[in-house]
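To keep things clear, I will list the structure first and then write my remarks on it.
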Amino acid sequence: MARVLMKGNEAVGAAAIAAGCRHYFGYPITPQSELLEYMSVHLPKVGGVFLQSESEVAAINMCYGAAGAGARVMTGSSSPGIALMQEGISYLAGAELPSVIVNIVRGGPGLGGIQPAQSDYHQSTRGGGDGDYKLLVYAPSTVQEMAELVALAFDKADEYRNPVMIVGDGMLGQIMEPVEIVERPPDPALPPKTWATTGTRDHPGSRSIINSLFLKPEVLEHHILDLFAKYERMREREVLVEEYRVEDADLVVVAYGTTARIVKSAIAALAAEGVRVGLIRPITLFPFPAESLRRLPDRVANLLVVEMSMGQMIDDVRIANEGRRTVHFLGRTGGMIPLPQVIADTVRHILAEHHAGDVPHVSVGDEKGGR
Amino acid sequence: MARPADPRPAPAPDAAASGPTPVRVIAGHYGSGKTEFAVSLALRDAARGRRVALVDLDIVNPYFRSRERAGLLEAAGVRVISSSLGHVATVEIPAIAPEVRAPIADPTTDVIVDLGGDDVGARVAVQLRADLRRRGYELLIVVNAHRPETRDAAGVLRHLDRIAAATGLTPSGLVSATHLLRETTPAHVLAGLALCREVAGLTGLPIRYVAAIPDALAGLPAGALLDRGRPIEAVAVGPHLREDWM
């Protein structure tokens, strides 16, 4: 397909179908509804199944059923709808069922608002559902990248037998950008889904059982250890990160998604006046690109985390940082979008105080001063 | 940008002499560039000394609406009318300001109506149908060949028919708005014009405007802005709805 103009939400749908997704279950919600609308129009054309469920709870459990039968399945929603799905997501993780879940994040808590936010970082990476589990979480920053990560997400979900989440904010869902959707059928190297509940014709005498209930604690512990061996493999192999101008940076910003684009505008403005600022942009939120932070040059004494939240990813930055550098924070929340000039001003402020030998400032919130 | 994007200033009819100008109602498939065109058209006409009101009737999408640029428009002298809740860009409530009819009734004001996308978004114009017919209107269909649903004439006609049916208004012209945002080239604009010519041939509708970023318009070959001998007005678009970082 040639390059076309698509909304982020539409591109997610087109990329999913191009990746062989033939089942979509969901419930509409701003700012994500165009994904559902796209699937309702286009899935039937390729022999797929679209169903608008009675709730997000139903949608995620329909995904459980379709994934259990071996189908490539997707659902999507926005923050409060994803909150409703958490129980089902935990069940998918527990039963090791591949599914792709798209969260086009809006401001919360509760119904919140309908403008872009990044306040679901914890919900995505810590799990809102019960138990010890992880999702593989991708955070694109452009419509094109979102389309490519959707395709990758289906393969990774199958490879790891794990739910994979795409986290975009409302701006990414709504923005119209040039995009090329490439047909990307399932990776032929993926193993056949012998575990799927498709009958016993091919393997008489051995039934496929999909389940997340293990009443014997030693059996459940063993199951969880197996899950965590899988998550460890993700940590080793699946980290995606963009490191931008970090080599000679005096300060490094950590930001993802739409916010990272705004940070790049600020970095360009600062570079014009000789201030060297780098960016670490996590593309996977889990696994978090901790190594990119650890191997920064010694000269980088300050990190600035910018998020459209009150500070959630900053926890992972602090864990990776292990106290080596001062971690500062700048956030807008509730649907507000940080401005490039405010980010640039914050960087100047931090560097000025740093060179003056002062204690790190606390006005925008930092590790020592709190927010 | 060496030369102005719009080489032929439109004649500005004197309202007192020739009556009110028709209301320009902007509709089309969502994501085609309606709002960018409407905002750019309003700013252009205001800069030419016209008294312009822009009515934002998009009640279906809470992102990228004209009212987001109310400050820019009002500073340029354009009256902006949107929701009865004020220019609140962040709600999805079908609350239309009661004063939407006022500029339509005022013959000294040029009126541009920015409808929401598709037939669903255009349907709200039904409320203004009687006012529009009384004053006179142009229903302008914005066409973007880079939107998958309107990449060919059949797709454009499908949207055109649905919008006409939903609004009860008669389409009166096309706006060729094929673009790839800041990457738009003259070749993209020409391809979009070719699609509009095909639709114009099938429907008899004139191509009234071509809209694109200034650089793309500046690179068009001589004679490109003619539709069966009639001039097509070029409108340079901002892009006003895009922040620099987008």
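If you go through region A:286-307 and pick out every residue that is in a helix (DSSP H, G or I), open to solvent by less than 40 Å² (accessible area, probe 1.4 Å) and not polar (S, T, N, Q), you end up with 2. You will find that of A:249, A:229, the residue that is open to solvent by less than 70 Å² (accessible area, probe 1.4 Å) and assigned by TED's automatic domain parsing to the domain that holds residue A:325 is A:249 and no other. Among the residues making up region B:118-146, a single one is among the small types (Gly, Ala, Ser), within 13 Å of another protein chain (Cβ to nearest Cβ) and open to solvent by less than 10 Å² (accessible area, probe 1.4 Å): B:121.
On the basis of being within 14 Å of chain B (Cβ to nearest Cβ) and over 22 Å from the mean Cα position of the chain (by Cα), does residue A:7 make the cut? In short, no. Listed by first and then second residue, the pairs linking a residue in region A:308-332 that is part of a loop (DSSP other than H, G, I, E, B) to a residue that is among the β-branched types (Val, Ile, Thr) and crowded, with 20+ Cβ neighbours inside 10 Å, with Cβ atoms under 6 Å apart and 6 or more places separating them unless they lie on different chains, are A:308/A:259. The combined condition, being outside any helix (DSSP H, G or I) and more than 13 Å from chain A (Cβ to nearest Cβ), is fulfilled by residue B:53. Residues in region A:153-201 that are under 16 Å from residue A:13 (Cβ atoms) and open to solvent by 40 Å² or more (accessible area, probe 1.4 Å): A:180, A:182, A:183, A:184.
Quick grid of which residues meet (1) of a type in the set (Ser, Thr, Tyr); (2) within 14 Å of chain B (Cβ to nearest Cβ); (3) out of contact with any Asp or Glu (no Cβ under 9 Å at 6 or more places or on another chain):
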| residue | (1), (2), (3) |
| --- | --- |
| A:204 | no, no, yes |
| A:215 | no, no, yes |
| A:227 | no, no, no |
| A:239 | no, no, no |
| A:245 | no, no, yes |
| A:251 | no, no, yes |
| A:255 | no, yes, no |
| A:268 | no, yes, yes |
| A:271 | no, no, yes |
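Is it the case, given these coordinates, that residue A:73 is touching a Cys at 6+ places or on another chain (Cβ under 7 Å), open to solvent by less than 50 Å² (accessible area, probe 1.4 Å) and not aromatic (Phe, Trp, Tyr)? Spelling it out, residue A:73 is indeed touching a Cys at 6+ places or on another chain (Cβ under 7 Å), open to solvent by less than 50 Å² (accessible area, probe 1.4 Å) and not aromatic (Phe, Trp, Tyr).
Every residue, every condition in (1) within 14 Å of another protein chain (Cβ to nearest Cβ); (2) hydrophobic (A, V, I, L, M, F, W, C); (3) exposed (fewer than 15 other Cβ atoms within 10 Å of the Cβ), yes or no:
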| residue | (1), (2), (3) |
| --- | --- |
| A:312 | no, no, no |
| A:317 | no, yes, no |
| A:327 | no, yes, no |
| A:343 | yes, yes, no |
| A:346 | no, no, no |
| A:351 | no, yes, no |
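Can you pull out the residues in region A:10-58 that are surrounded by fewer than 21 Cβ atoms within 10 Å (Cβ to Cβ), among the charged types (D, E, K, R) and either more than 13 Å from every other protein chain (Cβ to nearest Cβ) or within 16 Å of residue A:166 (Cβ to Cβ) (or both)? Within region A:10-58, A:22, A:54 qualify.
Is there a residue being closer than 24 Å to residue B:210 by Cβ and in contact with an Asp or Glu (Cβ under 7 Å, 6 or more places away or on another chain) anywhere in region B:87-94? Checking region B:87-94: not a single residue is closer than 24 Å to residue B:210 by Cβ and in contact with an Asp or Glu (Cβ under 7 Å, 6 or more places away or on another chain).
The values are calculated or read from the model by the stated rules, or taken from the named source; none is laboratory data. Model, not experiment: these values are computed from the prediction. For neighbour counting, all protein chains shown are included, and Cβ atoms are generated from backbone atoms with ideal geometry for every residue, glycine included. For the accessible areas, the whole protein counts, side chains as well, though only heavy atoms, and no ligand, DNA or RNA atoms are used. Shrake-Rupley method; radii C 1.70, N 1.55, O 1.52, S 1.80 Å.
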